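Every number in this text was worked out from the coordinates using simple rules, so none of it is lab data. Since the structure is predicted, the reported quantities are computational estimates derived from the model, not experimental observations. Neighbour counts run over all protein chains shown; Cβ positions are idealised from the backbone, glycine included.
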Amino acid sequence: MTIRILLVDDQALLRTGFRMILDAQPDLEVVGEAVDGADAVRQVAVLRPDVVLMDVRMPVMDGVRATAAITADGGAAKVLVLTTFDVDEHAFAALRAGASGFLLKDVPPAELAGAIRAVAAGDAVVSPRITRRLLDRISLHSPGPVDDADGRETVLAALTDREREVFGEVAKGLSNAEIAGRLHLSEATVKTHITRVLAKLQLRDRVQVVIFAYEHDLLSDR
């Protein structure tokens, strides 16, 4: 199955470079290019790509607003944000807006292709290090979670005990392989549990699990 990609960046040279890298992969196809966020929103509606490779700092409409518009539409397109710095506030804002992860613009070609495949498969590209930074920024821009044990139980009431365990590990930023090792499960079983957790809590992906866990005070190691 070919993964359809929309490139979004106001710099033509960068779009050309990414297109060359991605089109060289047998399972990846660049179906369009957009020069700003507003253009991206329009093209997503027409082209229906699987993954949007999104710059965050652009004229007319930045990548954060574009990400919010694309993910709010309810379509299948997943957004993978590109940034110059791994502490970019815009990139973290894009995660909160619904992006499934972010990468540095100088990412090695193989890592870029792998990240796109992961996002297209419903995973998220966020390492534990980035997860901790994301939580730090959420803390700076929100009043913080309320310490309410009854409320936490209500939030997680729909989950089975095993799903709660998996939820907790995902919220810490662990990969499927890491969760499988810690809980003595197969990766396929972990993925099934994650799919059920997302459906029951009405969350889009792993990034949203991290944000949800913080906002409901569900991180045991805060």
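Under a 5 Å amide H to amide H cut-off, with H placed in plane at 1.01 Å, what residues pair with ALA34 once short-range neighbours are removed?
LEU7, VAL8, ASP9
Of GLY75, GLY98, ALA124, which is farthest towards the positive pole of the range 1-124's charge dipole, taken about the Cα centre with +1 and -1 on the beta-carbons of Lys, Arg and Asp, Glu respectively?
Of the listed residues, the answer is GLY75.
If the cut-off is 25 Å between C-alpha atoms, which lysines fall inside it for LYS200, apart from same-chain ones fewer than 8 positions away?
The qualifying lysines are LYS78, LYS172, LYS191.
Using a 7 Å offset from Cα along Cα-Cβ at THR189, what residues in the range 153-170 end up with backbone N under 17 Å from the label point?
Backbone N within reach: 160-170.
To make sure I understand, if each residue's beta carbon is the centre and we count other beta carbons within 10 Å, what order do HIS90, HIS184 fall in, fewest to most? Intermediate values should be presented prior to the final figure.
Working: HIS90 18, HIS184 7.
Result, fewest neighbours first: HIS184, HIS90.
Let a ≥ b ≥ c be the square roots of the eigenvalues of the Cα gyration tensor of the range 3-125; is it rounded (a/c under 1.5), or, if not, prolate (a/b larger than b/c) or oblate? Please list the in-between numbers first.
Numbers: a/c = 1.23, a/b = 1.14, b/c = 1.07.
Because its axes are fairly even, with a/c under 1.5, the range 3-125 counts as rounded.
Ranking request for peptides 110-122, 58-70, 3-15: highest mean number of other beta-carbon atoms within 10 Å first, then the rest in descending order.
58-70, 3-15, 110-122
Please list, ordered by chain and number, the residues whose modelled amide H lies under 5 Å from the amide H of VAL79; skip anything fewer than 5 residues away on the same chain.
Under 5 Å from the amide H of VAL79: VAL52, SER100.
Mind giving me the nanometre distance, one decimal, between the label points for LEU104 and THR154, set 7 Å out from Cα along Cα→Cβ?
It works out to 4.4 nm between the two label points.
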